[in-house]
Amino acid sequence: MDGALTAPIRDRLMPNGLAFAAPDLLLVSDTHDDEGHLYRYRLGPDGTVTPEGRWATIRPGVPDGFGVDDSGRVWTSAGEGVHVLSPGGEELGRVLVPETVSNLCFGGPDGTELFMTATTGLYHIPTRVRGLRL
């Protein structure tokens, strides 16, 4: 790389959140007009990006911020909390929060605690999974 700024993904209207699900797999949310979709992109070793299409739709709300656990499940913000999605994009469950969740991350001493920012508060819940560390 020569240090030049590039924009390899230009097909989203209002990209917001992003997370790596694997070293070569990037998920990007689009919140344009409350679209509420997550999209997949494959990253090549030469820096090329190949779109793989819509991966999941979040309702209610939009996938603003999200993270991936060490089993490849995606934990994404939503209108009523956090949706947990399988590596294939199917919903597995929800963590209900009394406010709209905007962002989240795994943390704590062993990476198993879920921290969530919401409309007016910061929430926390211990989990049985660990956040992905690439």
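Which members of the range 62-112 meet the condition of being under 16 Å from ALA19 (Cα atoms), of a type in the set (A, V, I, L, M) and not in a strand (DSSP E or B)? The one that is under 16 Å from ALA19 (Cα atoms), of a type in the set (A, V, I, L, M) and not in a strand (DSSP E or B): VAL62. Among residues of the range 1-44 being of a type outside the set (A, V, I, L, M) and touching a residue at least 40 places away in the same chain (Cβ under 8 Å), the one that is farthest from LEU134 (Cα to Cα) is ASP11. Of the residues making up the range 89-131, those that are in contact (Cβ under 8 Å) with a residue 12 or more places away in the chain, aliphatic (A, V, I, L, M) and open to solvent by 70 Å² or more (accessible area, probe 1.4 Å) are LEU92, LEU96.
Per the conditions (1) under 24 Å from PRO8 (Cα atoms); (2) in a loop (DSSP other than H, G, I, E, B), the sole criterion not satisfied by SER29 is (2). Look at (1) part of a strand (DSSP E or B); (2) surrounded by 12 or more Cβ atoms within 10 Å (Cβ to Cβ) and you find that GLY53 fails only one, number (2).
Given the structure, is ARG42 more than 26 Å from LEU114 (Cα to Cα) and in a strand (DSSP E or B)? In short, yes.
Regarding LEU85, is this residue in contact (Cβ under 8 Å) with a residue 24 or more places away in the chain, open to solvent by less than 40 Å² (accessible area, probe 1.4 Å) and out of contact with any Pro (no Cβ under 7 Å at 6 or more places or on another chain)? Answer is yes for this residue. Taking the range 1-48 as the range and being among the aliphatic types (A, V, I, L, M) and over 25 Å from GLY79 (Cα atoms) as the test, the residues that pass are MET1, ALA4, LEU5, ALA7, ILE9, ALA22, LEU25, LEU43.
The values are calculated or read from the model by the stated rules, or taken from the named source; none is laboratory data. Quick caveat, the model's predicted, so the values are computed rather than measured. No Cβ is skipped: glycine too gets one built from the backbone with ideal geometry, and neighbour counts run over all protein chains shown. Heads up: the accessible areas ignore ligands, DNA and RNA and are worked out on the full protein's heavy atoms, side chains in. Shrake-Rupley method; radii C 1.70, N 1.55, O 1.52, S 1.80 Å.
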